[in-house]
Structure formats: C-alpha cells, structure tokens
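The values are calculated or read from the model by the stated rules, or taken from the named source; none is laboratory data. Predicted, not measured: the structure shown is a model, and the values here were computed from it. Backbone-built Cβ (ideal geometry, glycine too); neighbour counts: all protein chains shown. We work out accessible area using only protein heavy atoms, side chains counted, and drop any ligands, DNA or RNA first. Shrake-Rupley method; radii C 1.70, N 1.55, O 1.52, S 1.80 Å.
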Amino acid sequence: MSKRQIAYVCTDCGAEHNKWQGQCSECGVWNTLAEIVLKPARATSSKRRSGYTGTAAGTAGIHALTEVATYENPRTLTGIAELDRVLGGGLVQGSVVLVGGDPGIGKSTLLLQMLGALGDRLPGLYVTGEESLGQVAARGRRLGLTMGPLHGLAETCIERILEQAIQAQPKALVVDSIQTLWTEQLTAAPGSMSQVRETAAQLTRFAKETGTCIVLVGHVTKEGGIAGPRVLEHMVDAVLYFEGDSGSRFRVLRAFKNRFGAVNELGVFAMSDKGLREVPNPSAIFLSSHTGPTSGSAIMVTREGTRPLLVEVQALVDTSPLANPRRVLLGLEQNRLAMLLAVLHRHGGVSVYDQDVFINVVGGIRVQETAADLPVLLAVLSSLRDRPLRDKTVVFGEVGLSGEIRPVPNGEERLKEAATHGFVRAIVPRGNAPKKARFGSLEVLAVDRLADALETLL
Ligand code: TYD
Ligand code: MG
C-alpha cells in the first residue's frame, strides 16, 4: 500500500505548497491554504474497469501542427443567441465551460433550456446531483422543451458518471453541480478542494478525449469567487458568471475567461414563468422609469463586450453621523470611488468628507470600465446639490488624477446608441466628440476637465 501524498493549495490564487503555512507565499493572503490529496493511500482500478484510460487529449508524441487533424465542425450554435454570443459563437467540441452564479439565479434552468435547444444536433445528458430526475423532467416539461433526444442521470460519483457517459455517448454533458461530485479515489467530502479539483480534472480529460462539450455548474461563495479552488478556473476553457438582482427579473451572463472568444461579452435574459427568455435589445432595460429629472441620477452608455448598453448610475449623498463616513458601491469597483472623490475635491472644489456616499447601478448589472467615472461624479454632485442633470442627457468618460477627462473606446458607437434611444444631449470627453457639435439628434458637449463637466450641471 503506497503512502498517501498531500499538498496544500491556496484557495485564492491556486498556488501549490508542500507544507502548510499561515500565509500563501505566492499571493500573500492569510489563512487560505487547504489540504488536497494528490495520491490516495489505496489506488482503485475503477478507471481500467470502465475502459476509460484517462490519458490527456489525443495521442502522445510530437506532431507537426499542420498535420494535426482538427474537428470538422468545431462549433455548434446552441440556438439561444444570447448564450452563443457569450460563448463566442456556440459550444466548441471538446471544451469545458464553467457556469457560476448565486443560488436561484437560473443556472439549472438555462442549461436545461440549452440542452433542449440543442436537441438532435448535440444529444445531451443532464447529470444532476442536486435535484431528482423527476424534478428535472418536470421542469423540462413546464419549460415546453422538446425532450426527445435529452437524457438525465441522477448520480454524484464521477467514476459511475463517466462509465455511463461512455456508454450513452452524449455530445453535450451538463453537470449540475461540480460541488456535489466525488471520486472513489479520495475520502474527502464532496465539495472539498480535493474532490472538486479531482472530479473536474477527470471531466476535463474526458471532454478532451471524447470531444464531448461539458458544461459544469459551480456555486459562488459570498466573496464572489466560484466555490472550490481557483485552480478550477485554470482547468476549464471558459468561465461564465450569471449575475443579476434577486429583486429584478433580468439576468446577465458574462464571460470572464474564454479560450474561444472575447471576454466581457454580455448576454441578457429575463426570467419568466416559462424559463429564461432572451432579451436581444437590452439597451434600455437598465434605466429606472422616472417621470421627470431626479437628482442623483446619471445615465451612461457602457460598452461591455461588443454592444453598447444604456445604464443608470444612482448616487445618494447624505450627511454622515459617523466619524468614518460610509462609501457603499453596488455594481462598480470599490476602490475607484475613493480616488474619484479625491479628484472631485482637488479639481472640482467639492468635498464630501463628512457625507455618506452610496452608489448603485440600476438593474443589478456590474460596470467594470472607466467610462463610468464621469457619470459617477456627476451623480454624486447632483445628489449633494439636490439638482438633477438635465433631462435626456447621457454622460461617459474616464476621469484622470489631474482632473482631466479622458476619452474612452468606441465613442461614436455609444453616441449612436444614445441617439437611437431618444436622448438629446451628451456630455463626453473632448477626444470622443465628433467634429461638429451635433451628432444626429444629439447635442454633444465636449469637456476637457472635470471643472467643465461640473459646470454643465450647474
Ligand atoms: P434555478 O435554475 O433552479 O437556479 P440555480 O440552478 O441557479 O440555483 O432557478 C430557480 C429560480 O428560477 C427559482 O427561484 C424560480 C425561478 N424560475 C422561474 O421564475 N421560472 C421558471 O420557469 C423556472 C424554471 C424557474
Ligand atoms: Mg440549480
């Protein structure tokens, strides 16, 4: 009997260490090392039993890349256009996609709908470790899916799942969820680091070897990462996050990593009583429906992925009873606000050191680009002075540390989107402004410095 081998993996960065230590020497975070079992004490032969060898993709040995055979038709459109967009043009043969998201956001629903839409083109197998087959079938029926070619399996042991998959030969395999799987080779509990890592590795090898498209569901921890080791994100070909407000019916699917397409691509869905529906023209859904101008609100044109989107940034600035006033952001990057408020003070002459500042992006969407800088500052000032921005105005632009307003990519496309949706005024960086002061129906106010931008408000 061989001795069991263990290692310690940082749950934050995925670095591997030989011995336990309080701080990860790679990323410097404390208390993140978790034990994983590399080799169990007793090797099982279940792999051989199943006829599945578990070797890496293709045959070993060196080949000239020009002579390596590639799949004839590597991509299959799922038929759900918003999902295809995020995947970068459909499912790739032999790829592994991880879909993360909060509980109840609609991961299982989306993937069942995906298998239904794929139908005969990629016969699917839905492996569930969370729900019974009865529940899955009932949901499929309620969603009105064509379930002819669709099969289900309620199983959590990876060896048995692979054994069944070898026999059934599905072309698309959904595993819901990776945290429920376990391998006979390890004694650790399902959902633990070692189990998640090992079962995902086996599924990845299976995908590469057989050309099956595998989609894994992963739960998200409170901190927002996919539960289990970060190494999971390195193993798979694409990581998609499903996000959205629990109160809102809109859901946004976003690619964080994609070996076969662009990242930051957004797919927008709406949850209905018949499952998730695509929202092909999402531009205006992230605006709240005010009847007239309200203070503390600025509308920006963000461009996440390949299309522009109108979103509303709301700010509430209120006298703080605390010695350390609060800075709360929903949907934007936390650190950037401190910087923006400092710029507002130094270059705009407006101080909020004794005020609580709350910022929210309407609709539960997350904006990660710097074009949100100027709208955030204008919303803050608008709330502080209780003075609304002029009606039907859009704003975008990056704010620099010396108070300059910098251009952002795809300015013209953003202006076009605003014009299409009936806006009449745009406050934009000089570098993004067209030569003429008008852009279609839009009056364009080009600004060079923060002070100019604040003046347009006052
Ligand atoms: P689900 O796909 O089970 O979420 P996850 O797998 O991410 O945990 O979605 C569950 C939620 O979706 C649940 O709160 C009910 C809602 N829902 C609908 O509103 N309409 C539907 O047709 C379906 C199937 C679910
Ligand atoms: Mg689920």
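For the structure I just gave you, tell me whether S246 is within 16 Å of ligand 1 (Cβ to nearest atom), assigned by TED's automatic domain parsing to the domain that holds E130, surrounded by fewer than 15 Cβ atoms within 10 Å (Cβ to Cβ) and modelled with pLDDT under 80. Even if it seems obvious, please write down each step before you answer.
Working: within 16 Å of ligand 1 (Cβ to nearest atom): yes; assigned by TED's automatic domain parsing to the domain that holds E130: yes; surrounded by fewer than 15 Cβ atoms within 10 Å (Cβ to Cβ): yes; modelled with pLDDT under 80: yes.
Judged against the criteria, S246 is a match.
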Worksheet entry | Scope segment 102-151; condition near ligand 2 (Cβ under 10 Å from one of its atoms), touching a Phe, Trp or Tyr at 6+ places or on another chain (Cβ under 8 Å) and part of a loop (DSSP other than H, G, I, E, B); matching residues | I105, G106
Worksheet entry | V408 being assigned to a strand (DSSP E or B) and closer than 19 Å to V367 by Cα | no
Discussion item. If the requirement is being within 15 Å of F396 (Cα to Cα), aliphatic (A, V, I, L, M), open to solvent by 20 Å² or more (accessible area, probe 1.4 Å) and not assigned by TED's automatic domain parsing to the domain that holds G79, which of these qualifies: L332, L322?
Written reply: L332
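If a residue has to be of a type in the set (A, V, I, L, M, F, W, C) and either part of a helix (DSSP H, G or I) or open to solvent by 10 Å² or more (accessible area, probe 1.4 Å) (or both) to count, how many in segment 170-189 make the cut? Walk me through how you get there before you give the answer.
First pass over segment 170-189, keeping only residues of a type in the set (A, V, I, L, M, F, W, C): 172-175, 178, 181-182, 186, 188-189.
Now drop any that are not either part of a helix (DSSP H, G or I) or open to solvent by 10 Å² or more (accessible area, probe 1.4 Å) (or both), which leaves 178, 182, 186, 188-189.
The total comes to 5.
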Worksheet item: So which of V86, V99 is in contact with a strand residue (DSSP E or B) (Cβ under 9 Å, 6 or more places away or on another chain), of a type in the set (V, I, T), within 17 Å of G267 (Cα to Cα) and assigned to a strand (DSSP E or B)?
Response: V99
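Please determine, by comparing only the residues of segment 106-124 that are among the hydrophobic types (A, V, I, L, M, F, W, C) and open to solvent by 10 Å² or more (accessible area, probe 1.4 Å), which one is nearest to V220 (Cα to Cα).
Filtering segment 106-124 down to residues among the hydrophobic types (A, V, I, L, M, F, W, C) leaves 110-112, 114-115, 117-118, 122.
Now narrow it down to the ones that are open to solvent by 10 Å² or more (accessible area, probe 1.4 Å): 117, 122.
Details: A117: 26, L122: 28 Å.
Taking the candidates together, the pick is A117.
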Discussion item. All but one of (1) under 19 Å from the mean Cα position of the chain (by Cα); (2) within 25 Å of E455 (Cβ to Cβ); (3) of a type outside the set (D, E, K, R); (4) surrounded by fewer than 18 Cβ atoms within 10 Å (Cβ to Cβ) hold for A372; state the number of the condition that does not hold.
Written reply: (4)
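Conditions tested, residue by residue: (1) within 16 Å of ligand 1 (Cβ to nearest atom); (2) at pLDDT 90 or above; (3) more than 23 Å from the chain's Cα centre (by Cα); (4) closer than 22 Å to Q202 by Cα.
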position	(1), (2), (3), (4)
R48	no, no, yes, yes
A60	no, no, yes, yes
Y71	no, no, yes, yes
E82	yes, yes, no, no
S95	no, yes, no, yes
L98	yes, yes, no, yes
G106	yes, yes, no, no
L111	yes, yes, no, yes
Worksheet item: If you go through segment 190-197 one residue at a time, do you hit one that is open to solvent by 30 Å² or more (accessible area, probe 1.4 Å), in contact with a Ser or Thr (Cβ under 9 Å, 6 or more places away or on another chain), assigned by TED's automatic domain parsing to the domain that holds M271 and within 26 Å of G119 (Cα to Cα)?
Response: no
Worksheet item: Residues of segment 255-289 being assigned to a loop (DSSP other than H, G, I, E, B), basic (K, R) and within 16 Å of ligand 1 (Cβ to nearest atom), which ones?
Response: K274
Discussion item. Six or more apart or on different chains, Cβ atoms under 8 Å: show the pairs whose first residue is in segment 255-280 and open to solvent by 60 Å² or more (accessible area, probe 1.4 Å) and whose second is assigned to a loop (DSSP other than H, G, I, E, B) and within 15 Å of ligand 1 (Cβ to nearest atom).
Written reply: K274/L143; K274/G144; E278/I80
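Only one residue in V357, V350 is part of a strand (DSSP E or B) and at pLDDT 90 or above. Which one?
Values: V350 fails: part of a strand (DSSP E or B).
When all the criteria are applied, what remains is V357.
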